[in-house]
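Written below as structure tokens is the structure these notes are about.
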Amino acid sequence: MENTDLTIKNYNYSEKIKALVLICFCGVILFFATIHSPFLYDDAHAIEDNPYIKNLSQFQQLVGVQNIFNRSILLLTFSVNNDLGQLDVFGYHLINIMLHLCVGIILYFLTMELVRIEESSFAKIFQRLPIVVSLIHIFNPINIGSITYLSSRSSVLATFFYLSSFYLFIRFVNYKEKKINKWGNILCLLAGLLLFYLGLGTKEIIVTLPIIAILYLWVQSSTKRLRTFIPELLVIMVPLIIYLLYRYIDMGNLFVIKNDPYSHMIDRELYLVTQIKAIISYYLVKILFPINLNFEPDMRLVSGILDWEWMACLIIGVCLAICIFKQKSILLKYAFAWALITILPTSSIIPLKQIVTEHRSYLPGVAISMGLGIFFLRAASINRLMHPVLILVLVFYGLLTIKRSLDYRSEISIWEDTIKKSPYKSLAHNNLGTAYLSKDQLKKARNSFGAASALSPSSPDPYINLGHIHSRNQEWDKAKLKYDLALKLGANRSQVFFHSGLMRLKLKKPEEAIPFLLEAIKIKNHRAIYHHELGNAFRVIKQYDS
């Protein structure tokens, strides 16, 4: 018996090593093509022009890791990247790919633990579930946006902390039930709490973890009585309550995003029903059938509460839930609840500027991957042809991932692809124009900015960029008019004030330029060129002391 047990243990250990090697190998092959993809869109203010990550030695003084409401842990990782390689994208992409692989690895081990809650009749069928789930998540093309779009590191890193903390919580529960390894039990608890708070300092999506943990306690309990695991409930709820109190004291509101005016302006009822539509018609569809992916989807708020599209999606969602809860797999039911709960922070009553964006599917996609794995393995137990079908699906996902990665090879390619899929989105046209402008393709840039301003006449961004084109052509007066128009439309970025002041300097109007340059410095004091041009203005009017 000892030899048999030892053989089984060695086999299991060998299987785990093979699985981890396979996960890492596949991940590297799939995402290798993205390693030199450029900074995109929000990367400008999140990384390239972010003064808080420029000096790692002063990070604690400028930000502080305890300042979790400003995503201090995420900023710390960017600061480490900046310290090692400044703005070389290779290091940023390397970290993102490594994080994705780590998510795949921890998902493998977490699934091994979660399989224990399943009916014994499924034990043999789900023997390969951990590696299947992990590979589906690693291969899924919808995840490429979270990994290659560097600002979306928040989703990947938060998911890593989420899964790691949950895994340690399950180990804590198992140790406690078996009454073994007291110190290991305490270590799992403390490490799990630490990872939870690190996740809070990365992205707020981790707040759903306590709910998932409570649901796990209820599912794995034979009595289904919450009072039997009150100590575990305290371990789960106390950190969450502390966080919510801290957030309320700091922000004054639990359901408004700090510094996001859109969170105050949008109709919450319309946003909620639009998100019901988005969850079914976009996120679920794109995770299951990841074709025609879009960097900037153009989904608008529904026209009203009686809009038929969200109602149809709600009916489909309810029917899907009924089917899932009528079947026998406990783990599939759990995965469905997990997916629904984890999508809620970004797709419920808290309005966000982007109604739909693919990187929000990264954490819920973990649960969907688990559901897909269960479906394929149960189908394979009935018909062995499902084994090659699963392999074909993974190959298909892999080819789609590699193909999609080519869209990220340049700013122009990703925004040209986006325009094809969101032709009526002003932001996409504006960003394509910005990409053309950076490559001195002024005619194409002008056309893109013209399209952007036609689609959204009240948006200041196209006028700012048209001002840049006039400035490059030394058409100072035309440039000034565009910058001034952008300011009238509500532009409040430092660069607009700076360029508006600079155009006045070029037009020999230093007295008019000074207030604009001062306002630019007030917004971003660290920009040396702002101070330099302000000094030039004072020099022209002979105020040398100023």
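Every number in this text was worked out from the coordinates using simple rules, so none of it is lab data. Since the structure is predicted, the reported quantities are computational estimates derived from the model, not experimental observations. Neighbour counts run over all protein chains shown; Cβ positions are idealised from the backbone, glycine included.
Charged side chains reduced to their Cβ positions (Lys and Arg at +1, Asp and Glu at -1) give the chain a dipole of some 480 debye around its Cα centre. Relative contact order, whole percent, for region 2-407 stands at 22, derived from Cα pairs under 8 Å and 6 or more residues apart. Pairs exceeding a 27 Å alpha-carbon distance, out of Lys403/Lys444; Lys439/Lys480; Lys421/Lys443; Lys286/Lys420; Lys203/Lys482: Lys203/Lys482. Rounded, prolate or oblate for region 271-352? Axes are the square roots of the Cα gyration tensor eigenvalues, ordered a ≥ b ≥ c, and the cut-off for rounded is a/c under 1.5. Prolate.
The relative contact order of region 84-175, computed from alpha carbon pairs under 8 Å that lie at least 6 residues apart in sequence, is 40 percent. Computed with the Debye formula from one identical point scatterer per Cα of region 437-505, without solvent, the log10 of I(q)/I(0) at q = 0.20 Å⁻¹ comes to -0.74.
Ranked highest first by the average count of other Cβ atoms within 10 Å around their residues, in what order do 524-537, 328-341 fall? Don't jump to the answer; show the numbers that get you there.
Numbers: 524-537: 15.4, 328-341: 19.3.
Put in order of decreasing packing, that is 328-341, 524-537.
Shape of region 411-540 from its Cα gyration tensor (a ≥ b ≥ c, root eigenvalues): rounded if a/c is under 1.5, otherwise prolate when a/b > b/c, or oblate? Prolate. For Lys16, a cut-off of 20 angstrom between C-alpha atoms picks up these aspartates and glutamates, skipping any fewer than 8 places away in its own chain: Asp5, Glu113. With the helix formula -39500 (n - 2.57) applied to DSSP H stretches of n ≥ 4, the chain reaches a computed 222 nm mean residue ellipticity of -22000 deg cm²/dmol. Distance between the 7 Å Cα→Cβ label points at Glu511 and Glu416: 5.0 nm. Suppose each label sits 7 Å from its Cα in the direction of the beta carbon; what would the Trp183-Gln543 distance come out to in nanometres? Simple spin-label model gives 6.9 nm for this pair.
Given their separation in residues at 0.36 nm each and the Cα-Cα distance between them, Ile249 and Gln441 gain 64.2 nm when the chain is fully extended. Report note on the peptides 434-442, 205-213: ranked by the mean count of other C-beta atoms within 10 Å, highest first, their order is 205-213, 434-442.
Each peptide among 272-284, 474-486 gets the average number of other Cβ atoms lying within 10 Å of its residues, and from highest to lowest they stand as 272-284, 474-486.
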